[in-house]
Amino acid sequence: MTIYHLANRPTWDAAQASGAYHGSPDDQRDGFIHFSTAAQVAGSAAKHRAGQPDLLLLRVDADTLGDALRWERSGSGDVYPHLYAPLPTHVVRRVDALPLDDAGQHEFPALD
């Protein structure tokens with residue numbers, strides 16, 4: 001199963017140089033890297049990253065993350081994937097830019 005993470009470009013670029021992504025400031029505060037399913041990711045972007053430029057969509061095969069990936073219920077009752085470890089950059093299958101449309105909403109490519 002493919003899961004998705006929203007990363008800002010400078011943080012992702014730095015992670016590629018080191019080989020490990022440690023997440024956003026929110027991820028670091030929460031103690032895990034937030035991921036979403038295909039059905040959840042656009043809503044997550046609208047709720048938590050609205051209008052943010054230089055946003056990237058990272059695609060990861062959930063099976064590559066092992067026991068550090070946990071599926072946990074959020075306050076809304078939805079179950080989200082959370083990674084309790086740094087994300088090795090080599091397991092990211094694809095990275096897409098998420099440009100903003102005229103209304104300030106992120107434009108998503110087709111999802112797996």
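The values are calculated or read from the model by the stated rules, or taken from the named source; none is laboratory data. Here the structure is a predicted model, which is why all the values come from computation and not from measurement. Note: ideal-geometry Cβ built from the backbone for every residue, glycine included; neighbour counts use all protein chains shown. Just so you know, the surface numbers come from the protein's heavy atoms only, side chains and all, with ligands and any DNA or RNA stripped out. Shrake-Rupley method; radii C 1.70, N 1.55, O 1.52, S 1.80 Å.
Listed values, structure above:
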item	result
Within segment 59-112, considering residues that are polar (S, T, N, Q), under 21 Å from residue 46 (Cα atoms) and open to solvent by 50 Å² or more (accessible area, probe 1.4 Å), the one modelled with the lowest pLDDT	76
Subset of segment 1-15 [within 17 Å of residue 85 (Cβ to Cβ), part of a helix (DSSP H, G or I) and among the small types (Gly, Ala, Ser)]	15
Criterion (closer than 23 Å to residue 78 by Cβ and not small (Gly, Ala, Ser)) met by exactly one of 26, 13	26
So residue 102, is it outside any strand (DSSP E or B) and charged (D, E, K, R)	yes
Pairs with Cβ under 7 Å, 6+ apart, first in segment 73-98 and basic (Lys, Arg), second assigned to a strand (DSSP E or B)	73/79; 93/59; 93/60; 93/61; 94/59
Wholly within segment 16-94, strands (runs of 3 or more DSSP E) carrying at least 3 residues that are within 16 Å of residue 109 (Cα to Cα)	55-61
Complete set of residues in segment 1-49 that are open to solvent by 70 Å² or more (accessible area, probe 1.4 Å), under 20 Å from residue 102 (Cα atoms) and in contact (Cβ under 8 Å) with a residue 40 or more places away in the chain	48
